[in-house]
Protein chains: 2
Amino acid sequence: MEYQNFRNHLSKTLGVPTDSLEVCSTFYEAKAVKKNEIILSEGEISDSTFFVEKGLLRMYSIDKAGKEHVIQFAPENWIISDTTSQLLNEKSRFYIEAIEESTIVVTKEGFFENLAKVYPDVAEKNQRLMFNHIKNLQNRVNSLISTTAEERYLEFLKKYPSLMLRVPQWMVASYLGITPESLSRVRKELANKKFII
Amino acid sequence: MEYQNFRNHLSKTLGVPTDSLEVCSTFYEAKAVKKNEIILSEGEISDSTFFVEKGLLRMYSIDKAGKEHVIQFAPENWIISDTTSQLLNEKSRFYIEAIEESTIVVTKEGFFENLAKVYPDVAEKNQRLMFNHIKNLQNRVNSLISTTAEERYLEFLKKYPSLMLRVPQWMVASYLGITPESLSRVRKELANKKFII
C-alpha cells in the first residue's frame, strides 16, 4: 500500500483505518521533493501540512543579515508546517526546505474536516495534536532560556536520534541557538567524558 | 461595574457584551493576590486561566540547580496560564507568581463553553486566541535563536512598555535568556547611542 508511514500515522494518532484515505483523497497528494528544494517561502500564505513519508526537511528563518536560523527538523514520520500562516491565514515568516531527497504527503485545508465527517473522533484527536504542538513550543522556549549548550545538545540527540549523521553541524548549532564553535566544544567535552555520540 | 478590564477584554476579543458575564458566573471568580504569592506550582494540574485585572504576574520554571527562568510576564489586561497543563491535563512544569499585589480574574474550565452557548461566535474567536498563542510561542522561539541580546531587549521594551520600571533587572535578563551582566552591557550601549530607555 502506498504512503505506508502516512497511513500508519493517521491510524496511530487519529484512530483512522489505514485503508480509509479514499474519503478525503482530494485533500492530499504525495510529492517528490529534491534535495535543497524549497516548498514554503517567507511571504507565502500556506494552508498545507507536510508529512514526511521519506527523507528530511527543515523549517528556518532568515534574519536581516541573511543568516539562517533552524526552527525545526522533520525526518520520517514527522509533520512540518507553518501553523501560524495556516491557522491565521498570514504571510509566513519561514522557509521549509528538503535537506535530503524526500517524499512528502501534503494535506490541504479540509483534509481533517472531511475525515471527521466519517470518523467523528478525528476532530478531538486532531485538536489534541495541536495541544501537543503548543506543549512542544512551550518546552522549546523553556529549554532555550534555561538549559546549557550541553543539556540542549543532549535533548536534541534524544529528540532526533541519528539526525546528527544526516545534518550539517552548523544547522544543528543553529537549531540549538549556539555557535558552531560552541557545538564543537560541547561534543569534544562529551567525547572526553566517554559519552557516546 | 466591577472588573472593567476583564469585561472590556471579553468584549474586544470575543465580542461579548460587557454586561453579559452573568451567564457563566459560576465559572469565574475574582481574586486578590499578594506580592510574591504563588498561584500555580510545578506538579499541579491547572484548569484555570488568569486574567490580570490589576497588577503584574510572571510564569517561570526552576531548573535542577534551583535557578529561575522567566517564560512570560503578564501586566494589566494580559492573560497567563499553563496552557499545556490546562489542555492536556498534565502536571505543570511551571510556577505563576504575583510580582506586585494584584487583582486577577480566574476563569475555570467551562467558562468559554458556557459563553458560547449564548454567543455562538465565542467558540471560533476563542480558538483564534489559541492560534495567536501558538504564533507568540513560535515568534519567541525564533527570537531566542535568531536575534542578538540588543534586538531581543528592544523587542521586550516594545512588547511590555514600562515594565522595565516594575521588574527587577535579573528577571528581565532571565526572560531574554541572557545574563544580568549582558543586559547591563546592552543597556549601557543603548544609552551611549542616546537611545531612550
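The values are calculated or read from the model by the stated rules, or taken from the named source; none is laboratory data. As the structure is a prediction and not an experimental result, all values here were calculated from the model. When we count neighbours, we look across all protein chains shown, and the Cβ atoms used for this are built from the backbone with ideal geometry, even at glycine.
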Discussion item. I'd like the full set of residues that are in contact (Cβ under 8 Å) with a residue 12 or more places away in the chain, under 15 Å from residue A:176 (Cα atoms) and more than 7 Å from chain A (Cβ to nearest Cβ), limited to the range B:139-154.
Written reply: B:143
Item to complete: Spot the failing condition for residue B:65; the list is (1) in contact with a strand residue (DSSP E or B) (Cβ under 8 Å, 6 or more places away or on another chain); (2) aliphatic (A, V, I, L, M); (3) within 12 Å of chain A (Cβ to nearest Cβ), and only one is missed.
Response: (1)
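Rundown of residues vs (1) crowded, with 18+ Cβ neighbours inside 10 Å; (2) assigned to a helix (DSSP H, G or I); (3) at the interface with chain B (Cβ under 9 Å from one of its Cβ atoms), yes/no style:
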| position | (1), (2), (3) |
| --- | --- |
| A:96 | yes, no, no |
| A:104 | yes, no, no |
| A:112 | yes, yes, no |
| A:116 | yes, yes, no |
| A:126 | no, yes, no |
| A:134 | yes, yes, yes |
| A:137 | yes, yes, yes |
| A:164 | no, yes, no |
Item to complete: Those residues that are among the small types (Gly, Ala, Ser) and at pLDDT below 95, I need them from the range A:150-179; list them, please.
Response: A:162, A:177
Discussion item. I need the strands (runs of 3 or more DSSP E) fully contained in the range A:20-90, keeping only those with at least 1 residues that are out of contact with any Asp or Glu (no Cβ under 9 Å at 6 or more places or on another chain).
Written reply: A:28-33, A:49-54, A:68-75
